[in-house]
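Asks: A single structure is presented below for examination.
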Amino acid sequence: MGSTENTEISFFGLPRFATVVVAVTIYLISSVGCVYANKWLLSNVGVCHGFIPLVQQMIGVVFVRSLIYITAIFGMGETENSQKKEPEKAVVTNDSVFNRLWMRYKYTWPASLCFSLTIVLNNACLSMAKLSTYSVAKSTTLIWNVIFQYILLKVRLPLSTIFSCFLIISGVAVGSLDTSTLSPLALIAGCLSSIFQSLFNTCIGVALPKTNNDTSEVLVRNQELSSVFLVIYIIVSKELINLIRLSPCFDISSDLFLSCWITFFLTTAFAAGVNKFTFMVIGLTEPSTFSVIGFTKSGIQVAGGWFIYKDPASIKSVTSVILTLSGSLIYGITRGTAGNNSGKEEKEQIRRLTRCSAASVGDIDIPKVDSETRGGNNADNSSPSTDKEKLIQSKV
């Protein structure tokens, strides 16, 4: 099953090996570039933790809608599938607007709220942390994933997972001793974003069976509702008012005006690349291989902080980076090779991608969750190949 489906994944008809090389290369460039572009925006635009992802969402939606209309005009869209789905959506009772909205978002609003908080706190962490230690501040995501899996899903913890968590905790502890490279506020923001990111993973797992495991539909609803939450945030926090008054992105006469908006488009393109090619890399490689690729991405990001941004490389900061990255790598490799229930593992791989969107900061980590514990029979009713097709053509 796995081999036949892997051959279906191709980049413009290239052979499998060439597709793997292209997918991995673009994934690495997009992942690292997205973090660097967001770092530039946070350093030059102003306090814009919620504004950045909101603009990226808008750009992504406009771009995707344009593609949909263009493909529809030239007959390249999924017209048959859309025609089949329209009657189902048209058969709606005369419910109030509130009831219709509630029925649409009642399973996805917890995930959207957690997603919005994750992005805002991610940006807060990135704005306060050095690029070389940003991965350290965010490394606790894996630990919280493990904790929530154990508490909520009753997933057993192998010794390798406990050892990986120990390495990560040790790395964070060592890194926190050097406040010149990892500020306490950055660490707190990173830990909080990790908590909400882990909760998001759990909420997505709950929402998917309620929507017939339609990853595309869950992704669209998450984008819609998270945009609403982000609008509320930038209004309540007065972030938008301060940006209009002080930010160069609203000052046409500023030398940075054009650079800001070019970077907004650039980081949106990077995030879209992460979404598309994360799927391709996972589909073309083993989970353990993807963990090594993720380790390489983090290593490049850290090295860039040291050599490009000239971040101080103290003994404590270097040790913390080595410990946290090693813990994540060991976890990914051992969990990736622990079991290989291809159908359910592939379903879980697709589920992981639903947390990507144009608002993501590009640092995608892949936690291993037992789909048997969560999915039940509903997860088995949907064809993996069908879900793949939906995800390929879904909105970024």
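Asks: Could you check, for the range 278-286, whether at least one of its residues is crowded, with 17+ Cβ neighbours inside 10 Å, over 17 Å from the mean Cα position of the chain (by Cα) and touching a residue at least 40 places away in the same chain (Cβ under 8 Å)?
Replies: Going through the range 278-286, the residues crowded, with 17+ Cβ neighbours inside 10 Å turn out to be 278-285.
With the extra rule that they be over 17 Å from the mean Cα position of the chain (by Cα), the set shrinks to 284-285.
Narrowing further to those that are touching a residue at least 40 places away in the same chain (Cβ under 8 Å): 284-285.
Yes, the range 278-286 contains at least one residue that is crowded, with 17+ Cβ neighbours inside 10 Å, over 17 Å from the mean Cα position of the chain (by Cα) and touching a residue at least 40 places away in the same chain (Cβ under 8 Å).
Asks: Filter the range 248-276 down to the residues that are among the polar types (S, T, N, Q) and either assigned to a loop (DSSP other than H, G, I, E, B) or over 22 Å from the mean Cα position of the chain (by Cα) (or both), then identify the one that is surrounded by the fewest Cβ atoms within 10 Å (Cβ to Cβ).
Replies: First pass over the range 248-276, keeping only residues among the polar types (S, T, N, Q): 253-254, 259, 263, 267-268, 275.
With either assigned to a loop (DSSP other than H, G, I, E, B) or over 22 Å from the mean Cα position of the chain (by Cα) (or both) added as a condition, the list becomes 253-254, 259.
On the way: S253: 6, S254: 14, S259: 17.
Only one residue tops the list, namely S253.
Asks: Can you confirm whether the range 55-78 contains a residue that is crowded, with 22+ Cβ neighbours inside 10 Å, over 18 Å from E217 (Cα atoms) and at pLDDT 90 or above?
Replies: So far as the range 55-78 goes, yes, one or more of its residues are crowded, with 22+ Cβ neighbours inside 10 Å, over 18 Å from E217 (Cα atoms) and at pLDDT 90 or above.
Asks: State whether the residues of the range 277-298 include one that is of a type in the set (D, E, K, R) and not in a helix (DSSP H, G or I). Don't jump to the end; show me each part of the working.
Replies: At the first step, the residues of the range 277-298 found to be of a type in the set (D, E, K, R) are 286, 297.
Next cut, not in a helix (DSSP H, G or I) only: 286.
Taking every residue of the range 277-298 in turn, at least one turns out to be of a type in the set (D, E, K, R) and not in a helix (DSSP H, G or I).
Asks: Filter the range 29-54 down to the residues that are more than 15 Å from N122 (Cβ to Cβ), surrounded by 20 or more Cβ atoms within 10 Å (Cβ to Cβ) and hydrophobic (A, V, I, L, M, F, W, C) and list them by number.
Replies: V32, V45, listed by residue number.
Asks: Continuing with the same structure: Being surrounded by fewer than 21 Cβ atoms within 10 Å (Cβ to Cβ) and over 22 Å from I204 (Cβ atoms), is that true of even one residue in the range 218-225?
Replies: No: the range 218-225 contains no residue that is surrounded by fewer than 21 Cβ atoms within 10 Å (Cβ to Cβ) and over 22 Å from I204 (Cβ atoms).
Asks: Considering the range 171-191 alone, what residues qualify as being surrounded by fewer than 19 Cβ atoms within 10 Å (Cβ to Cβ), at pLDDT 90 or above and in contact with a helix residue (DSSP H, G or I) (Cβ under 6 Å, 6 or more places away or on another chain)?
Replies: L185
The values are calculated or read from the model by the stated rules, or taken from the named source; none is laboratory data. Please read all numbers here as calculations on a predicted model, not as lab measurements. Here Cβ is always computed from backbone atoms with ideal geometry, including for glycine, and neighbour counts include all displayed protein chains.
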